[in-house]
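The values are calculated or read from the model by the stated rules, or taken from the named source; none is laboratory data. What you are looking at is a predicted structure, and each value in this text was computed from that prediction instead of being measured. For neighbour counting, all protein chains shown are included, and Cβ atoms are generated from backbone atoms with ideal geometry for every residue, glycine included. With ligands, DNA and RNA removed, areas are computed over all heavy atoms of the protein, side chains included. Shrake-Rupley method; radii C 1.70, N 1.55, O 1.52, S 1.80 Å.
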Amino acid sequence: EADIYQTPRYLVIGTGKKITLECSQTMGHDKMYWYQQDPGMELHLIHYSYGVNSTEKGDLSSESTVSRIRTEHFPLTLESARPSHTSQYLCASSVGRLAGGYEQYFGPGTRLTVT
Amino acid sequence: GDSVTQMEGPVTLSEEAFLTINCTYTATGYPSLFWYVQYPGEGLQLLLKATKADDKGSNKGFEATYRKETTSFHLEKGSVQVSDSAVYFCALVLGGKLTFGQGTILTVHP
């Protein structure tokens, strides 16, 4: 059973507010990821990290930012939320420092609605 | 770049019917292949995986075989249940990067 947690599960917030979506894992995984899932279900990688103090942008451009100060924690921040940010956000982690066929473990997701 | 193409949904079946969800991939190297499942309101769960050609992944009655010659990883189940209703994602990992298919919605009726 994967131990990866996301809070909050649901968030409704007004335009212009700053928000932070939390993601934590207790498996000691080096690699962590953020995906945005649109209503059509397709998943888009928006950020990833290969370890502490390492963050990279993913395939889909996002106005969000991330940080990785501790191995187990990978929060995502939106400085000024807009309705276009309404989506489901999924956090994931995986083992391995080298390129390899390791599966990713996913959290339950945060469903964000910006009004 | 690498890509995964899944059979378009939604797929609607009656309980105990046979399920096939097609998945083909394009990759520059030799990927590992996965099927993930997403139940309503939840994150993705790994359903099964295969890391080399001719490997068969299996779990909860689902199976998929890594076919290098046809670059395919089709998901099958002999007898679906209502509880199998979910979204299914085929995916590959290569160079540490996970690439998903677009997802297939499965609905199983009693």
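Accessible surface of chain B, 1.4 Å probe: 49 percent of it comes from carbon and sulfur atoms. In chain A, Cα pairs under 8 Å separated by at least six residues give a relative contact order of 36 percent. Summary of packing: across the peptides B:25-35, A:14-24, the per-residue average of other C-beta atoms within 10 Å ranks them, highest first, as B:25-35, A:14-24. The alpha-carbon of residue B:68 sits under 20 angstrom from the alpha-carbons of these lysines, leaving out residues fewer than 8 places away in its chain: B:49, B:52, B:56, B:97. Rolling a 1.4 angstrom probe over the protein heavy atoms with all chains in place gives the protein assembly as shown an accessible area of 47 Å² per residue. The ellipsoid equivalent to the alpha-carbon distribution of the protein assembly as shown has semi-axes of 30, 21, 15 angstrom, derived from the gyration tensor eigenvalues as √(5λ) and listed largest first. For residue B:96, the amide hydrogen comes within under 5 Å of the amide hydrogens of A:100, counting only partners 5 or more places away or on other chains and with H modelled in the peptide plane. For the peptides B:59-70, A:103-114, A:72-83, the ranking by packing is A:103-114, A:72-83, B:59-70, with the highest mean count of neighbouring Cβ atoms within 10 Å listed first. The equivalent ellipsoid of segment A:1-97 has semi-axes of 22, 14, 13 Å, largest first, where each one is the square root of 5 times an eigenvalue of the Cα gyration tensor. Given +1 at the Cβ of Lys and Arg, -1 at the Cβ of Asp and Glu and no other charges, the dipole of segment B:1-81 around its Cα centre is 240 debye to the nearest 20. Per the accessible-area calculation with a 1.4 Å probe, the total area buried between chain B and chain A rounds to 1600 Å². Sorted largest first, the spans of the alpha carbon positions of chain B along the three principal axes are 42, 27, 21 Å.
To put it simply, the accessible area of segment A:1-76 at a 1.4 Å probe is 50 percent carbon and sulfur.
May I ask for the Rg/Rh ratio of segment A:40-79, computed from Cα atoms with Rh as the Kirkwood radius, given to two decimals? When Rh is taken as the Kirkwood radius, the ratio is 0.99.
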